[in-house]
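**Q** Quick one: the structure is below, questions incoming.
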Amino acid sequence: MHRLIPTGDAARPVAFAEVPQPVPEEGEALVKVEAFALNRGETFLLERPEPGLLPGKDVAGLVVQAAADGSGPGIGTRVVGHPARGGWAEYVAVPTHSLAVLPDGVDSVRAAALPLAGITALRLLRAAGSTAGVRVLLTGASGGVGHYVTELAVAGGAELTAVTATPERGERLAELGATVVHEVAEARGPFDVVLESTGGPDLATALTQVRPGGLLVWFGQASRTPVSLDFFRLLGGPEGVTIRHFHYAGAPYAADLAALVRLVERGRLHPEIGRVADWSQTAETLVDLRERRIRGKAVLLTGGSP
């Protein structure tokens, strides 16, 4: 079968290789991949790829070999999956605890756009608590996580302010009901909850926007600049603020994937997909994603020849 593997070349970060088809382990199903999505964080891993790196965590396709232990969906079932790695390929072995069945009304393109960003959004909002009537500030809101958080939080009753780099990237979030600004300092606080994902100086600025007794959840560093906090400056800010670190990872994922699929099927969640292309264009798409030339998710289809 064909698989995309890292090259270490910034201009063409992946290339096709002919490799053996994966052999599922106990509790894994073999999925024929129809579509996979790229994540911007994966583009950074490809800059200096570690030996053995096999990217690909967001896939949708068809079960062609059911798990030997009898768990999970049977042969011929359409699924969305979140494997630990290896999804940029014709076939991938996925633990059944990280698969969800797709109904007829949810196509593979939208399904592939769900796993990493959607699971992150769900779990991030759980960490933040109920959003009904809550003032929320979301930084780094331009990507897939920001879109899902915005749609889910606003639907749950939040008054959400989203920080995006450009007006163009904020258009869709404004349509979903967010107040959009382009600098953290422009946001009109105080906020009950701040969801911070850019790092660098933004976290310290966002912290001054939290109400006394409020919560700041740090879940990323999109700026690729480390955070530094002046604790003397904190003394002049809100009292009793809780700062919490968040990371989405931790199987099982099946229940969250099923919840995301239900939301899409019922018209309550709408993946923003900025590009759909044949997987022969993966290298170019990765560069465009890294350079922020794609708004929303990028989804590749494996139907064409490499």
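**Q** When you count, for each residue, the other Cβ atoms within 10 Å and take the mean per peptide, how do 147-154, 280-287 rank with the highest first?
**A** The packing order, highest mean first, is 147-154, 280-287.
**Q** A further question follows. Over the chain, what is the percentage of antiparallel beta bridges among all DSSP beta bridges, to the nearest 5?
**A** 55
**Q** Moving on to the next point. Suppose R0 equals 25 Å; then what is the FRET efficiency for Ser280 and Asp104 from their Cβ-Cβ distance, rounded to the nearest 0.05? Let's see the in-between values first.
**A** Numbers: r = 28 Å, r/R0 = 1.13.
Rounded to the nearest 0.05, the efficiency is 0.35.
**Q** Here's another thing I want to ask about it. Anyone know which of Gly177, Gly213, Gly296 comes out most mobile in the 10 Å Cα GNM of the chain?
**A** Between Gly177, Gly213, Gly296, it is Gly213 that shows the largest mean-square fluctuation.
**Q** Here's another thing I want to ask about it. To the nearest 500 deg cm²/dmol, what mean residue ellipticity at 222 nm is calculated for the chain from DSSP H runs of n ≥ 4 alone, each contributing -39,500 (n - 2.57), summed and divided by the residues?
**A** Details: 9 runs with 78 residues, N = 306.
Counting only the DSSP helices, I get -7000 deg cm²/dmol.
**Q** With the Cα gyration tensor of the chain giving a ≥ b ≥ c as the square roots of its eigenvalues, does the rule (a/c under 1.5 for rounded; else a/b larger than b/c for prolate; else oblate) give rounded, prolate or oblate?
**A** Taking the square roots of the gyration eigenvalues as a ≥ b ≥ c, the chain is prolate.
**Q** Could I ask something else about it? For Ala165 and Ala127, calculate 0.36 nm times their separation in residues minus their Cα-Cα distance, and state this gained length in nm to one decimal.
**A** 11.2 nm
**Q** So how far apart, in nm, are the two label points at Ala68 and Phe231 if each is 7 Å from Cα heading toward Cβ?
**A** Distance between the two pseudo-spin positions: 5.4 nm.
**Q** Relative contact order of the stretch 122-245, please, whole-number percent, based on alpha carbon pairs below 8 angstrom and at least 6 residues apart.
**A** Reported relative contact order: 22 percent.
**Q** Compute the separation of the alpha-carbon centres of the stretch 87-115 and the stretch 1-71 and state it in Å as a whole number.
**A** 12
**Q** Net charge near Ala117, counting Lys/Arg +1 and Asp/Glu -1 over other residues with Cβ under 9 Å of its Cβ?
**A** Counting the neighbours of Ala117, the net charge comes to 0.
**Q** Can you run phi through the Karplus equation (6.51, -1.76, 1.60; θ = phi - 60°) for the stretch 246-261 and list ³J(HN,Hα) in whole Hz, with x for Gly and Pro?
**A** With the stated coefficients, the stretch 246-261 comes to 9, 9, 6, 5, x, 5, x, 10, 4, 5, 5, 4, 4, 5, 5, 4 Hz.
**Q** If I take all pairs of Cα atoms in the stretch 129-204, what percentage of them are more than 18 Å from each other?
**A** Values: 807 of 2850 pairs.
Distances greater than 18 Å cover 28 percent of the Cα pairs.
Coordinate-derived values only; no laboratory data. All of these numbers come straight from a predicted model, not from anything done at the bench. So basically every Cβ, Gly included, is an ideal-geometry build from the backbone, and we count neighbours across all protein chains shown.
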